[in-house]
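Some notes on the structure that comes next.
The values are calculated or read from the model by the stated rules, or taken from the named source; none is laboratory data. The model shown is predicted, which means the values in this text are computed figures rather than measured ones. Here Cβ is always computed from backbone atoms with ideal geometry, including for glycine, and neighbour counts include all displayed protein chains. These area figures cover heavy atoms from the full protein model, side chains too; ligands, DNA and RNA do not enter into them. Shrake-Rupley method; radii C 1.70, N 1.55, O 1.52, S 1.80 Å.
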Amino acid sequence: MSAPYAKLPAWVDYGLIPLINLIVAFLVAGLVVLAVGESPLRAASLLIEGAFGYGEGIGFTLYYATNFIFTGLAVAVAFHCGLFNIGGEGQAYVAGLGVALPCLWLDQFAPWYVIFPAAILGSALVGGFWAMIPGWLQAKRGSHVVITTIMFNFIASSLMVYVLVDVLKPAGSMAPQTRTFAEGGQLPRLDWLLASVGLDIGGAPFNMSFLLALVAAFVVWLVIWRTKLGYEIRTMGHSPTAASYAGIRQSRIIIITMMMSGALAGMMALNPIMGDQHRMQLDFVGGAGFVGIAVALMGRSHPVGIVPAAILFGMLYQGGAEISFEMPQISRDMITIIQGLVILFAGALENMFRPAITAFFATLGGARSDKSLPAAE
Amino acid sequence: MEYFDTLIVILQSTVRVSVPLILAALAGLYSERAGIFDIGLEGKMLAAAFAGGAAAAVTASALIGLAAAIFVSVCLALVHGFASITQRGNQIVSGVAINFIALGATVILGQAWFRQGGRTPQLSGDSRFTTVELPYAAEIADIPVIGSIYSNLLSGHFMLTYLAFALVPFTWWVLYRTRFGLRLRAVGENPGAVDTAGISVTWLRYRAVICCGILCGIAGAYLSMAMTAGFVKGMTAGKGFIALAALIFAKWKPVNVMFACLLFGFLDAMSIRMQGNELPIIGVVPVQFMQALPYLLTVILLAGFIGKAIPPRAGGVPYVKER
Amino acid sequence: MNDIAIELKGIDKKFGLVHANKNINMKVRKGTIHGIIGENGAGKSTLMSILYGFYQADNGDIFVDGKKTVIKDPNAAISVGIGMVHQHFMLVENFTVLENIMLGAEESQVLNAGITKARRELKQLEEEYELEVDPDAIIEELPVGIQQRVEILKALYRGAEILILDEPTGVLTPAEADHLFRILEQLKSEGKTILLITHKLREIMAVTDEVSVMRRGEMVATRTTSETSVEELAELMVGRHVLLHVEKGPASPGDVMLSVENLTVRDGRGVDMVKNVSFNVRAGEIVGIAGVAGNGQSELLQAISGIRRAVTGKVMLQGEPIHVTGTADPAELRHRGLAHVPEDRQHMGLVLKFDESENSILGYHDDPKYLNGMFLNIDAIRKDAADKIEKYDIRPPNPRLKTANFSGGNQQKIVLAREMERDPAVLVIGQPTRGVDVGAIEFIHKRIIEMRDAGKAVLLVSVELDEIRSLSDRVLVMFDGRIVGERAPDASEGELGLLMAGVEDTKEAAQ
């Protein structure tokens, strides 16, 4: 039959079930905290305190969230087309070149507001290109995009090590990284934004790219729900049969979607390179590409869900770092576990609680169930 | 003669680094031939390496370590099975989740239990696997070529190494010569055929993921208890994905898996060996290129430019009885 | 008592709201070939799947050899001697014949011993029933006729005494089908009981001893084949429908708007589903294509609308050729005035997760009137959807409601509104009222007539014979990928039924 589950009210579908999945993920994470001999409640309060308790904490939280908005959007855009892009990590990594090269060429002569657009374009182009190849292989050669994007992550990693060690490393330096950019390659911080609500950002690298991430979230919403292209992408994602009936060219849509996805992942590189380190370092992506998967699943692939989900993960990253001062047992790796659990419960097991919830609502609304039943054929 | 010795050394390290790849790729083979895609090989191997290292350190017994490694890996495999078989969830998502859970949990638990920055205590003596000298290895070592091959290349490996290589023909035998293998291959191609033949698709697929768990467990144990003496944070370092690449490269066939893993292992060994050295004719090849080569080759294969890798037909699709 | 191999008592099965089997009673005598005939969707396959343990009946009992038997899974069916040859073969395509036959009946943990035994027994079976196959051949390299033989051998190898064949000739050439029937005769003479499910009357008359007729989930009659006639069976199968009354004036056909010449279309398996078909549709007429589902109608529709590439043939739309064997694509054809209401509205005609207004532009989403540059003009789209909702009385009247939440009839109206309101020159409609409630049927029929009267050329494909008869101005009957006859809509039900069942066209033969 067409619908495997009975219909539930929208707020249950989009609100309650994801929330329950999330709570279960955190409960299991709490068990891990318990297992290492700490109190989950105290850990939670430390976490929140560390992430939101003071200006610098908030600055860091939002700095991390910036990365995750980009990568979460990247995964989500691909999801809308029925594609699973696991390659955000590699796309962001390679896109670092699109950020670093304009900075290295121009930072002596141009102000940041000239270099920033160039770097945005550069990162989007390079990231988009890196994702286009798996997209093309999927569309034209039928190679599964999941496997090729995984492979491209590793290829990206090797490529970037080579580039950083053998090409971009300044002569005489030992560290595999570019030289530090002059002022033109540094994005202004958003201390004024937090200052306006009376918070001191301290040393947090909360910068312009956060605003760009919000713009990107809006643009993604606009493209997916308000343009012809987005309409075609969603048609493909929901029903390839309907797409072919509608005369939508499938390979074209697959390739374009992957390029958009890669471009979004690529723009993540702006935040750590131009916004924080002011140079490109080895492994600057640091797993943000993968966090994007959890963020997209949690945010149900909608920018309105993705931004808070990214902030939640930003909170976990920042708060997690804080916890480890108080509880040496719990390092930031705790976040990796939570990330895995969120992916497991909000993704792979998303329907685990659905039968029970459906049954609950069925008994609750038994009297009016006749009317609300969808037409089955 | 100098080149020959170098070659022996490179081949020796090829064998060393290939073992976890072979075990993990064979693990993936059981699962994927049954129609359950598994990109969580990395995570299972990592968790097993930790469990093995931890248990061996505590009990001072390598065998208990191995058992713990297998147990933990099988548990994770069952989680994957539950998500993919019972809950009919997305197998890719589930695999990704398991990788992260393992990556985080090994560090957190390691730090909590041993307080050595995510390491487990150094293993020695009975708590670690030791190498096995084949008979007469010392005696014939001096015979040119043959002696060197025998005593340096074939002899002096861990039991687990010999086990890994023995598992290749064994897996072939299981797959093509036993009832379980016949059904396993069938369920990955057409679960409907298995169901109508009166065999439980669910139970068969669970058994397949359990096999996968066992082999990933052994692979992990090899990493932390044989190849090195203890668990180090993130020690699988992408080996699970290279194994996955090798499995695809081998077109899901056991003997091919061994050769693919040896090839990828050889590239790895070469890249370590060659660091900065010039190759005749080609000149200096960046190490990173050698490291990326397994992935590049797999992509080229997947694209159908050299042969075609056709995955098991029912792979990745949860089985639902059709109406 | 003991000459009854299978008895079904009060079998009842529902899938959600669909009542697939209603209180079915049936007896099958041992050593006979018992046919079960009925239109598609009559519930034949469901009934057999229950007998084979693939589904559980909600109610009712099964007696095998006079003993009440609970068949909870295929294993239980196999153990009481029931074997089944499925419509879609349950074979592992890259296995050898022998491996397929052994699967599930391997005898021992290690295959070797079993292989020798299987080879020997297979040889015996082959000789006994003249079912020759190479045990080491790979299934996907064998022609479908031989693959089917492997399915039969599989069942016999498991010791089946009762063999169910579900639409076995659907994929066979006539020669292969004849061969199959000889095999069935042979099996019968060895004492096996055979249940043959088909919608083809010719087959029933040719091989069965008894025949049961199913219609809309019910068992309507059982006859001894030699005492019945094709005419009687056709009538039982199709039923005496109350002819839906549709107000309709005479047609005034104009120019040829759609012409199809020598069209051949192949399906995904490489089987020719449409074979050298030619016909015309004129402006201001409705041409109906009658036929039992699966006789090539779907492929015909898909080829004409540019979704599936044709192998050969020429199609002209308003006098201009459509490149059906190459570049034709649905978007282009829409621009050129061909609207298509697809048979499968849930998967093809609609995206169920879209809201109503989004579906009301599917395929026309590149029309400038719905766009502002590259952006969707949401206001225009919703306004347009609201207009259609009103005009077609779509309920609930909410363009923002998710399409999955509309009833079947209203979903169909969404598709119809979208396609008809484009003022197309040619309207191609597949199964306009499948899964649609009675009230909506009347409305939909009226709209189709209105389209005709407005001078559109309408090609209507339906498996509902009375729908074809009440709407069409000319009726073409499709069987086995061919147009086997053309009739006026007032031709008798029996006559059309015979054509649909593949019985020789008596009228043309006489000439």
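So, for the stretch B:131-256, what is the accessible surface per residue at a probe of 1.4 Å, expressed in square angstrom?
Roughly 35 Å² per residue, with all protein chains present.
Which is farthest toward the positive dipole end of chain C among C:His88, C:Pro396, C:Ala310, measuring Cα position about the Cα centre, with Cβ charges +1 (Lys, Arg) and -1 (Asp, Glu)?
Highest projection toward the positive end goes to C:Pro396.
At 1.4 Å probe radius, can you tell me the per residue accessible area of chain A in Å²?
38 Å²
I'd like the antiparallel share, as a percent to the nearest 5, of DSSP beta bridges with both residues in the stretch C:4-238.
Among the beta bridges of the stretch C:4-238, antiparallel pairing accounts for roughly 55 percent.
Percent of accessible area on the stretch C:193-298 owned by carbon and sulfur, 1.4 Å probe?
46 percent
Counting pairs of alpha carbon atoms under 8 Å apart in space and at least six apart in sequence, what relative contact order in percent does chain B give?
Normalised by residue count, the contact order of chain B is 33 percent.
Buried accessible area between A and B (1.4 Å probe, both chains summed, ligands and nucleic acids excluded), in Å² to the nearest 100?
Accessible area lost upon association: around 3500 Å².
Using a Gaussian network model on chain B with a 10 Å cutoff between Cα atoms, which of B:Arg273, B:Arg207, B:Arg16 fluctuates the most?
B:Arg273
When a/c reaches 1.5 or more, the comparison of a/b and b/c decides; with that in mind, is the stretch C:4-238 rounded, prolate or oblate per its Cα gyration tensor?
prolate
Is chain A best put as rounded, prolate or oblate by its Cα gyration tensor, with a ≥ b ≥ c the root eigenvalues, rounded for a/c under 1.5, and otherwise prolate when a/b is larger than b/c, oblate when not?
oblate
Average partner chain C-beta neighbours within 10 Å, per residue of C:83-91?
Averaged over the peptide's residues, the number is 3.
Can you tell which of B:Ala138, B:Ala219, B:Ala250 shows the greatest fluctuation in a Gaussian network model of chain B with Cα springs below 10 Å?
In this elastic network of chain B, the residue with the biggest mean-square fluctuation among B:Ala138, B:Ala219, B:Ala250 is B:Ala138.
Farthest toward the dipole's positive end in chain A, which of A:Phe26, A:Leu264, A:Met280, given Cβ charges of +1 (Lys, Arg) and -1 (Asp, Glu) about the Cα centre?
Comparing the listed Cα positions along the dipole, A:Leu264 ranks first.
For the pair C:Asn398/C:Asn372, report the inter-label distance in nm, with labels modelled 7 Å from Cα in the Cβ direction.
2.6 nm
So if I take the centroid of the Cα atoms in the stretch C:430-479 and the same for the stretch A:173-219, what is the distance between those two points in Å?
A separation of 65 Å, based on Cα centres.
Have a look at the DSSP beta bridges in the stretch C:256-510 and tell me what percent are antiparallel, nearest 5.
In the stretch C:256-510, approximately 55 percent of DSSP beta bridges are antiparallel ones.
How far is helix A:250-267 tilted off the main Cα axis of chain A, in degrees rounded to 10, range 0 to 90?
In chain A, helix A:250-267 runs at an angle near 50 degrees to the longest axis.
At a 1.4 Å probe, which residues in the stretch B:56-93 are at least 40 Å² less accessible with all protein chains present than in their chain isolated?
B:Gln87, B:Ile92, B:Val93
Looking only at the stretch C:399-434, which residues have a backbone nitrogen under 13 Å from a spot 7 Å from the Cα of C:Asp387 in the C-beta direction?
Answer for the stretch C:399-434: C:418, C:421-423.
Counting pairs of alpha carbon atoms under 8 Å apart in space and at least six apart in sequence, what relative contact order in percent does the stretch C:356-425 give?
Over the stretch C:356-425, the number comes to 36 percent.
How far, in degrees from 0 to 90, does helix B:201-222 lean away from the longest principal axis of the Cα atoms of chain B, to the nearest 10?
Rounded to the nearest ten degrees, it is 20.
Where only protein heavy atoms count, and the probe is 1.4 Å, what is the accessible area per residue for the stretch C:256-510 in Å²?
Accessible surface, normalised per residue, equals 36 Å².
When chain B is modelled as a GNM with alpha-carbon springs shorter than 10 Å, which of B:Leu167, B:Leu21, B:Leu182 fluctuates the most?
For chain B, modelled as a Gaussian network with Cα springs under 10 Å, the answer is B:Leu182.
For the protein assembly as shown, what is the percent of antiparallel DSSP beta bridges, rounded to the nearest 5?
Antiparallel bridges make up about 60 percent of those DSSP assigns within the protein assembly as shown.
For the residue pair C:Ala454 and B:Phe4, what label-to-label distance in nm results when each label sits 7 Å from Cα along the Cα-to-beta-carbon direction?
Inter-label distance under the simple model: 9.0 nm.
Quote the total accessible area buried by chains C and B together, excluding ligands, DNA and RNA, probe 1.4 Å, nearest 100 Å².
2300 Å²
May I have the pair-distance distribution P(r) for chain C, computed from all Cα-Cα distances with 20 Å bins from 0 and rounded to whole percent?
21, 49, 27, 3
Give the dimensionless ratio obtained when the Cα radius of gyration of the stretch B:20-239 is divided by 2.2 N^0.38 Å.
The value comes to 1.11.
What angle do you read, to the nearest 10 degrees and between 0 and 90, between the alpha-carbon axis of helix B:2-33 and the longest principal axis of chain B?
So the helix axis and the longest Cα principal axis differ by about 10 degrees.
Residues of the stretch B:186-221 losing 30 Å² or more of accessible surface, assembly versus chain alone, probe 1.4 Å, please list them.
Listed by number, the residues meeting the 30 Å² cut-off are B:Ala186, B:Glu189, B:Asn190, B:Ala193, B:Thr196, B:Ala197, B:Gly198.
Just name one of C:Ala137, C:Ala251, C:Thr228: the one whose Cα is farthest towards the positive end of the charge dipole of chain C (beta-carbon charges, Lys/Arg +1, Asp/Glu -1).
My answer, from the dipole projection, is C:Ala251.
Once the Cα atoms of the stretch A:79-233 are picked out, what are the Rg and Dmax in Å?
18.3, 56
I'd like the distance between the alpha-carbon centres of the stretch C:314-387 and the stretch B:209-266, rounded to an integer number of Å.
Between the Cα centres of the stretch C:314-387 and the stretch B:209-266 lies a distance of 51 Å.
Show that you can apply the helix-only estimate: for the protein assembly as shown, add -39,500 (n - 2.57) for every DSSP H stretch of four or more residues, divide by all residues, and state [θ] at 222 nm to the nearest 500.
Mean residue ellipticity, 222 nm, calculated: -16000 deg cm²/dmol.
Taking K and R as +1 and D and E as -1, what net charge do the other residues with C-beta under 13 Å from the C-beta of B:Ala260 add up to?
Cβ neighbours under 13 Å give a net charge of +1.
Based on alpha-carbon centroids, what's the gap between the stretch C:80-114 and the stretch A:294-322 in Å, whole number please?
50 Å
So how much accessible surface do C and A hide from each other in total, probe 1.4 Å, in square angstrom to the nearest 100?
Using a 1.4 Å probe, the pair buries roughly 2700 Å².
Longest span of chain B, sites excluded, free of chymotrypsin sites (Phe, Trp or Tyr not before Pro) in DSSP loop with at most 15 other C-beta atoms within 10 Å?
Looking at chain B, B:137-304 is the longest stretch - no exposed chymotrypsin sites (Phe, Trp or Tyr not before Pro) with at most 15 other Cβ atoms within 10 Å.
Would you tally the net charge around C:Ala440, using a Cβ to Cβ cut-off of less than 12 Å, leaving C:Ala440 out, and scoring K and R as +1, D and E as -1?
Neighbour charge sum, excluding C:Ala440 itself: +2.
Using a 1.4 Å probe on the protein chains only, how many percent of the accessible area of chain A belongs to carbon and sulfur?
Here carbon and sulfur together make up 66 percent of the probe-accessible area.
With only alpha-carbon pairs counted, each pair once and no self-pairs, how large is the Kirkwood hydrodynamic radius of the protein assembly as shown in angstroms?
33.6 Å
Can you bin the stretch B:1-81 into rounded, prolate or oblate? Criterion: square roots of the alpha carbon gyration tensor eigenvalues sorted a ≥ b ≥ c, rounded for a/c under 1.5, prolate for a/b above b/c, oblate for the rest.
Because a/c hits 1.5 or more and a/b fails to exceed b/c, the stretch B:1-81 counts as oblate.
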